[in-house]
Amino acid sequence: MSSKYSVTAIGDASKKSTFSGIPYHFWHTAQESGLSITPWKMDMERVTLKRKIWNVFKILQLQSPGGFQYSQEFNKSILKQIPDELLSTQVISFNQHFPPVQLIYAKGGKVYHYIDATFKQLLDRYGFAGKIGYKTKREILAKEIDQFTGAEMIFTFQQWAKDSVVNDYKIPSNKVKVVMPGANIVFDTDYVAKASPDEKIGTKKTPLVLGFVGKDWKRKGLLRLVNIRDILERRGWEVIVRCAGYAPGEFKTRPGVEFVGFIDKTSETERFIKFLESCHIGCLFSEAEFSSISVLEFISVGRPVAGFVVDGMGDLFMPECSIRHVVEDSDERIADSFERYLLDSTYNRNLKKGAELKSNYVRWGRAVKEVVNHIATKDLDND
């Protein structure tokens, strides 16, 4: 056995581009802590032709295309790229449909799934129901039950996903553990998060800066955030919405909105941290969100956050450092909360202090430790 642990996802787990960099940061942090762990490396380009052929056959069978990565054909093709010695490790997988649990056990290994949502939640909340054929959906859900049932343990990013695993898939609750993920930032060892200074904000000298991260700006609520900014401006406050990522045409020249452009967290880590620190509050007003790592990134540098407590965000918008709203709240009511932040120094200071205190908690070091401790405890129970 080359490694006690290994980590996988659909793609190359050693690359920050795979699954938003989550497997990479787990692996990197675990390795830095001294854990013997190896990433699975898959070249997805090598299965492109098989994916196309698979989709053609689906159409010929009068079924909707899509879902190749959930199929046995995908497993057979992709597993040819994985060294046999990795199949006998304790595999931490960020995809509940891969690798096949029974194959890993046959090789002497164990599987632990670490997920942000179940496939049923994906169907219900992200419109996947209309993109995959009925027969394929049924097969995927059946496979997911088998994977959950056969796995040693299932870790979920938040309680929302755990509830689905337990209630929708009938998996025993004691087999499912909630472990909040970490911010996808590699900090210098001497980095210490500090709250923004206590100063008068919302003025021409020091505008209130509301931070936004994400290229999927429609779903993540940029329009609503800008509308809230406009309300605050009409009330006499100076407010800027500062965005990292793609700039939609209608916002490029809109007053009070700044775009700093796309920031590559891999090669421009320091620039990304400075962007986060330049904001007073990180914002995410998404109406459907499994778990936004960007919220944790703001908290990791000591900045409070604001947004809708929807789907899995109830856990990530921690009350001690968050301005929490529901989708049904009006823009005026949300603006009231920001205005309270501007006017109430005690409320302001408590939120900032809360974010500062939670900054280490929302990093991958804590998440890796929790996962490894759960696995170690289960191994002891089985001895």
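Restricting the search to helices (runs of 4 or more DSSP H) fully inside the stretch 193-308 and requiring at least 2 residues that are at pLDDT 95 or above, farther than 30 Å from LEU357 by Cβ and open to solvent by 30 Å² or more (accessible area, probe 1.4 Å) gives 222-234. Across the stretch 100-123, the qualifying residues are those that are in contact with a Ser or Thr (Cβ under 9 Å, 6 or more places away or on another chain) and open to solvent by 50 Å² or more (accessible area, probe 1.4 Å), and the one among them that is farthest from LYS80 (Cα to Cα) is LYS120. Within the stretch 234-266, the set of residues being in contact (Cβ under 8 Å) with a residue 40 or more places away in the chain and polar (S, T, N, Q) comprises THR266 only. Among the residues examined, ILE59 qualifies as assigned to a helix (DSSP H, G or I) and among the β-branched types (Val, Ile, Thr). Checking each residue in the stretch 1-35 for being under 25 Å from SER77 (Cβ atoms) and in a loop (DSSP other than H, G, I, E, B) picks out MET1, SER2, SER3, ALA9, ILE10, GLY11, ASP12, ALA13, SER14, LYS15, LYS16, SER17.
Looking only at residues in the stretch 41-56 that are assigned to a helix (DSSP H, G or I) and within 26 Å of LYS110 (Cα to Cα), the one that is least open to solvent (accessible area, probe 1.4 Å) is VAL47. When the stretch 27-43 is filtered for residues that are within 21 Å of VAL362 (Cα to Cα) and touching a Pro at 6+ places or on another chain (Cβ under 8 Å), only TRP27 remains. ILE228 meets the conditions (1) in contact (Cβ under 8 Å) with a residue 60 or more places away in the chain; (2) in contact with a Ser or Thr (Cβ under 7 Å, 6 or more places away or on another chain); (3) over 17 Å from GLU297 (Cβ atoms) in every case but one. The failed one is (2). Among the residues of the stretch 1-36, those that are touching a residue at least 24 places away in the same chain (Cβ under 8 Å), hydrophobic (A, V, I, L, M, F, W, C) and either within 27 Å of SER71 (Cβ to Cβ) or touching a Ser or Thr at 6+ places or on another chain (Cβ under 6 Å) (or both) comprise MET1, VAL7, ALA9, ILE10, ALA13, PHE19, ILE22, PHE26. Residue count for the stretch 151-191, restricted to those that are open to solvent by 10 Å² or more (accessible area, probe 1.4 Å), under 21 Å from ILE22 (Cα atoms), touching a strand residue (DSSP E or B) at 6+ places or on another chain (Cβ under 9 Å) and without any contact (Cβ under 8 Å) to a residue 40 or more places away in the chain: 1. Taking the stretch 329-383 and the helices (runs of 4 or more DSSP H) fully enclosed by it, the elements with 1 or more residues that are crowded, with 17+ Cβ neighbours inside 10 Å, in contact with an Asp or Glu (Cβ under 7 Å, 6 or more places away or on another chain) and without any contact (Cβ under 8 Å) to a residue 60 or more places away in the chain are at 345-358. Selection of first residues in the stretch 61-89 that are over 17 Å from GLU45 (Cβ atoms) and of second residues that are surrounded by fewer than 17 Cβ atoms within 10 Å (Cβ to Cβ) and among the acidic types (Asp, Glu), restricted to Cβ pairs under 7 Å at least 6 apart or on distinct chains, gives an empty result. Out of curiosity, is LYS76 of a type in the set (Lys, Arg) and either open to solvent by less than 40 Å² (accessible area, probe 1.4 Å) or more than 27 Å from ALA161 (Cα to Cα) (or both)? Spelling it out, LYS76 is indeed of a type in the set (Lys, Arg) and either open to solvent by less than 40 Å² (accessible area, probe 1.4 Å) or more than 27 Å from ALA161 (Cα to Cα) (or both). Restricting SER33, SER20 to those that are open to solvent by 30 Å² or more (accessible area, probe 1.4 Å) and at positive phi reduces the list to SER20. Can you find even one residue in the stretch 309-320 that is assigned to a helix (DSSP H, G or I), within 25 Å of THR118 (Cβ to Cβ) and open to solvent by 20 Å² or more (accessible area, probe 1.4 Å)? The answer is yes, given that some residue of the stretch 309-320 is assigned to a helix (DSSP H, G or I), within 25 Å of THR118 (Cβ to Cβ) and open to solvent by 20 Å² or more (accessible area, probe 1.4 Å). Residue-level check: of (1) open to solvent by less than 60 Å² (accessible area, probe 1.4 Å); (2) over 30 Å from THR136 (Cα atoms); (3) part of a helix (DSSP H, G or I), THR38 misses just (3).
The values are calculated or read from the model by the stated rules, or taken from the named source; none is laboratory data. None of these values were measured; they are calculated from a predicted model. Cβ coordinates were reconstructed from backbone atoms using ideal geometry, including for glycine residues, and neighbour counts include every protein chain displayed. Surface accessibility is based on the protein's heavy atoms, side chains included, excluding ligands, DNA and RNA. Shrake-Rupley method; radii C 1.70, N 1.55, O 1.52, S 1.80 Å.
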